[in-house]
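As structure tokens, the structure follows; a few thoughts come after it.
The values are calculated or read from the model by the stated rules, or taken from the named source; none is laboratory data. Values in this document were obtained by computation on a predicted structure and should not be read as measured data. FYI the Cβ positions are ideal-geometry reconstructions off the backbone, even for glycines, and counts take in every protein chain you see.
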Amino acid sequence: MTENAPAWDETQPILEIENLSISFFTRLREIPAVMDFSCRVMKGEAMGLVGESGCGKSTVALAVMRDLGVNGRIVGGKIRFKGRDLTAMSQEELRQIRGSEIAMIYQEPMASLNPAMKIGDQLAEVPMIHQKMPKSQARALARQLVADVRLPDPDRILDAYPHQLSGGQQQRIVIAMALMSKPALLILDEPTTALDVTVEAGIVDLVNDLAAKYGTSMLFISHNLGLVMEVCDRITVMYSGEAVETGNITDVFDKMRHPYTQALFRSIPLPGADKTSRPLKAIPGNFPLPHERPRGCNFGPRCDYFVKGRCDAQEIPMLPVAGDTRHDSRCIRFDEIDWNAPIAAGVQHDSSHIGEVVLSMENVRKYYEVAASSLFKGGDTKVVKANETLSFDAREGETLAIVGESGCGKSTFAKVLMGLETATDGQIMLFDENVQSTPIQHRNTDTVSSLQMVFQNPFDTLNPSMTVGRQIVRALEIFGVGASDAERQQRMLELLDLVKLPREFANRMPRQLSGGQKQRVGIARAFAGNAKVVIADEPVSALDVSVQAAVTELLMDIQRKNRTTLLFISHDLSIVRYLSDRVLVMYLGHVVELGTTDQVFAPPYHPYTEALLSAVPIADTRIEKKRIVLEGDIPSAVNPPPGCPFQTRCRWKSQVPGGICETEMPPLRDVGGGHQVKCHLSAEILAGMEPVFTVAAE
Amino acid sequence: MLLFLFRRIGLMLVTALCLTIIVFALTNMPAKLETLAKTQAGSRMTDAEVDRWLERNGYASPMLVRYGEWLGVLPGWVRTEDNGTVTGRCVALRGTAEAAGERCGILQGDWGFSTRFRAGVAEVLTARLGATGLLMLWVLAVMVPMALIVGILAGMREGSRTDRALSTFAIASTATPEYVSGVLLIALLASSTVGLSPLLVSWGWIDGPVLFQGNARSALDDITFSNFTLPVLTIALYGMGYVARITRASMTEVMTQQYIRTARLKGVSFGKIVVRHALRNALIAPFTVIMLQIPWLLNGVVISEVLFSYPGFGWTLYEAAINNDIELLLASSVVAVVVVLVTQLISDVGYVYLNPRIRIS
């Protein structure tokens, strides 16, 4: 690597950030993004940086790379890498460090690879620049790295363009690229956020192994506490531009000493949380805007332990926690707070009673025909089997969760149900009406208003040029609610009350709302016509954890009040476990498991459910989890494997005699109490399965 | 791929058919025919004489019939004079009455007769298109590299001083039409009384009276720096600004992409980022525009060829239009359609090459 680098003592930190402050400069004002941030990463150590969006964690990462763009500037503090101050380096010195000693892995693998360059060239470039390696040697190294990140057929991959690989494969390539010249420090910025959970589990495994193999230090940025626990040794929690707590993983997770850390943990659905007996506790209030931060403690206005006159009197410094090593908290009252006090019992609810069947699907299929290519070839069409023999019932007041990874057909199912597509085959009974072949424009207003949808991305689903109130009134007009404009206006205000938004919001434009508020508007719109069945397609996955809790609670509240049937589509098993009554697991268009939440989350499992459960990172140090990492990618729905759809990745396949997994589609069979599993495994083997989670004895 | 080609050619035929019908209808309006008769047979003809001339030269039959004759789906008109000589469309085209077949139109390979140049249309057009092709070649050779360089230099650092200077230049050049820049260039460089030339002569730097020639007719025999620079520059400047703007927009967008950040944080130097990572991605949009630019340049060719009296396709088109040379105009429309669609085809195929994402496995 760089020969002129001074000798560096390995007992010193690789990366030492001291009182770093970063600001962005706009024409109007200076916006401080990070204030007084300090942290240290030792050799071989993995430091996790967690916080909600906008807290400044990515800014810290880019500052280490000295890539803050034209507006960003480091206004104070030092960043020392192997003892050399990065903030004082010239562009040329930085260029030598970037990619060779500090490498970065990004959130969106597709966007961070050059679409017009072959993978091999992109990889080989790194040692060619930094070690002046000849091209043939660099390519050989690239091939080895591709094999190291466990990609099949490295030669083919080197000659491929990025778009020819799946998301998981692309991320492996980005990792390989970062490791090409064996950097001392690896910065990972939400490396798995764009990936499915089972793919994420594979990537996390890989990162852990490679870091151990090469002795690389890591700065791991994530909003997912569970993931940080799996990867990191130490953690720094950030809130509104400041580090609020830092320490070893076990110290921070088990003996947190900052109210924000505590609030964060209480707003994520850990096993044990339950929508009736132990509801989630959302953090009250909103994240302060960078130029509207309060005086004193930034978290003060949202803190349960806030004391006027002390918390807002002066800037709060980081204070060491006595008894722990390198555990600091930015709270002046942490010694006075009783951290072991049980959570103030929230409002408990009676579990709502489940009524009649309102929706029933029978052997619903949806196939798409796609032309191979409309431009250069013609003739042959391929069939995408998006949904295969989907059968289930949903009852009044029930929450049915539909779980699966991307490409499993859950969104197609929602489209068919909504009438945006018509089913190829089978029956859908909504109340007492057959709707499987009625597209939405031919459905009557009643059917449309009683079956509504809450969409995944609240940012794109509101019309940006119409006020919030107007959008809801518009929905009311379409659903034929109310006799006059005044009546509809009144109803709109009531709907805002229902979703707990202030009535003044009626006159606001969507851009003036935060993500969580927009999603509330989306919910209000869905319930405008007294919807009986609501499909919620990943309603909280685009939101921050503390907001997720609030929106989830809101949905539950409305459901209890209106006795709505909620079809909750999600890939997040923690939240599914928390709020659903029954769970349906889908894989490649098939229902592979269906049962009550308790049945699905306890053995016997379908092998896919087992892998899915094991892939979910859980932010609780007491829970031990079996690690099952699925090999390969989800097969394409255009060309599904013969026999059982899951057979290509199933670890139980050898336990089925006669290899029928590869030839015969297993039947959906009852394993007791209405719990259905689509698997060839014998009853004994299913019964002998061990649970994925075990709570370690305290 | 083959089917795609067939579809494109089909589209070309339909477009050509529609366009020629329109041109035919416009050039065959009674007033236009009268002009034609008067330019061909003397401007002092009476109305009766005009009618007789039209009758004798086959312009009296209904318009659709004559369009059919031009296409070659209907037999050409034949007329026996009082003195026994046979005249007719095909006779005129093929010399003698014996050699003339029944039909003689596009389908038979006969492009007709140019009334302005008194020669076969095919003959006139091939010579003129050759001349214009040469001009276009030089225009593209000057315009494309210049536009891409200006666009890329401006776009690689958005908002920098280079960007502002080059963008101003590009906007100014594309906002100046050929008839303005051409006249300016002639005044500045090709006049023996004003501009640079007298100055240079007085300093003894050049031998001739002017630096560049304002008349490009001599380029037909021998292209020289002196007689060809001004027409090429006039057309190239106009097109260049536009392509440079598109390249700059495309380049600035590419430079903000995440894969450019990846390259930067890999330690790639700025020059290599631009050449290896940004260039190919940034060329996708301008490539299509350059290809669209070629038929669009035909417009520019008309003005500058007339301005510099260069007898190419544009000059011919202009002459044909003011003399209502029906068959030459029709053939020119067909040529225009072919040029547009062939460049489109090249642009589609080239696009697939530049952008691997739409390549079909």
Residue list for region A:146-174, filter: assigned to a helix (DSSP H, G or I), modelled with pLDDT under 85 and within 14 Å of chain B (Cβ to nearest Cβ)
A:H163, A:Q164
Exclusive hit being touching a Ser or Thr at 6+ places or on another chain (Cβ under 8 Å) and either within 11 Å of chain B (Cβ to nearest Cβ) or more than 22 Å from B:A263 (Cα to Cα) (or both), set A:L94, A:L28, A:L113:
A:L113
Within region A:195-217, does at least one residue satisfy the condition of being over 25 Å from A:A263 (Cβ atoms), surrounded by fewer than 24 Cβ atoms within 10 Å (Cβ to Cβ) and within 14 Å of chain B (Cβ to nearest Cβ)?
no
Of the conditions (1) out of contact with any helix residue (DSSP H, G or I) (no Cβ under 9 Å at 6 or more places or on another chain); (2) within 14 Å of chain A (Cβ to nearest Cβ), B:N281 clears all except one; give me its number.
(1)
Only one of (1) more than 28 Å from A:S514 (Cβ to Cβ); (2) surrounded by fewer than 21 Cβ atoms within 10 Å (Cβ to Cβ) does not apply to A:S465, and that is (1)
Test: residue in region A:31-47 that is at pLDDT 85 or above, within 14 Å of chain B (Cβ to nearest Cβ) and buried (at least 23 other Cβ atoms within 10 Å of the Cβ)
no
Only one residue in A:I74, A:I129, A:I79, A:I102 is among the β-branched types (V, I, T), within 11 Å of chain B (Cβ to nearest Cβ) and over 29 Å from the mean Cα position of the chain (by Cα). Which one?
A:I129
Conditions first: (1) touching a residue at least 60 places away in the same chain (Cβ under 8 Å); (2) over 30 Å from A:V671 (Cβ atoms). A:V540 passes all but one, so which condition is the exception?
(1)
Just the residues that are in a loop (DSSP other than H, G, I, E, B) and farther than 23 Å from A:G54 by Cα, please, taken from region A:187-205.
A:D196
Residue list for region B:235-278, restricted to those being touching a residue at least 60 places away in the same chain (Cβ under 8 Å) and within 7 Å of chain A (Cβ to nearest Cβ)
none
Would you tally the residues in region A:473-499 being in a loop (DSSP other than H, G, I, E, B) and in contact with a Ser or Thr (Cβ under 9 Å, 6 or more places away or on another chain)?
2
Kindly list, by first and then second residue, each pair from a residue in region A:546-569 that is closer than 27 Å to A:Q262 by Cβ and outside any helix (DSSP H, G or I) to a residue that is among the basic types (K, R) and at pLDDT below 85, limited to pairs with Cβ atoms under 6 Å and residues at least 6 apart or on different chains.
none
Matching entry among B:G88, B:G76 (being of a type in the set (G, A, S), within 16 Å of B:L330 (Cβ to Cβ) and either outside the structural domain of B:T115 (by TED's automatic domain parsing) or surrounded by 14 or more Cβ atoms within 10 Å (Cβ to Cβ) (or both))
B:G76
Filter region A:500-519 down to the residues that are assigned to a helix (DSSP H, G or I) and surrounded by 15 or more Cβ atoms within 10 Å (Cβ to Cβ) and list them by number.
A:F505, A:A506, A:P510, A:G515, A:G516, A:Q517, A:K518, A:Q519
In region A:79-122, the residues that are surrounded by 24 or more Cβ atoms within 10 Å (Cβ to Cβ) and part of a helix (DSSP H, G or I):
A:I97, A:P109, A:S112, A:I119, A:Q122
Filtering region B:189-204 for residues that are assigned to a helix (DSSP H, G or I) and either modelled with pLDDT of 90 or more or farther than 12 Å from B:T234 by Cβ (or both) leaves a count of 8
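One residue is enough: does region B:142-162 have a residue meeting the conditions among the acidic types (D, E), modelled with pLDDT of 80 or more and in the same structural domain as B:M251 (by TED's automatic domain parsing)?
Yes.
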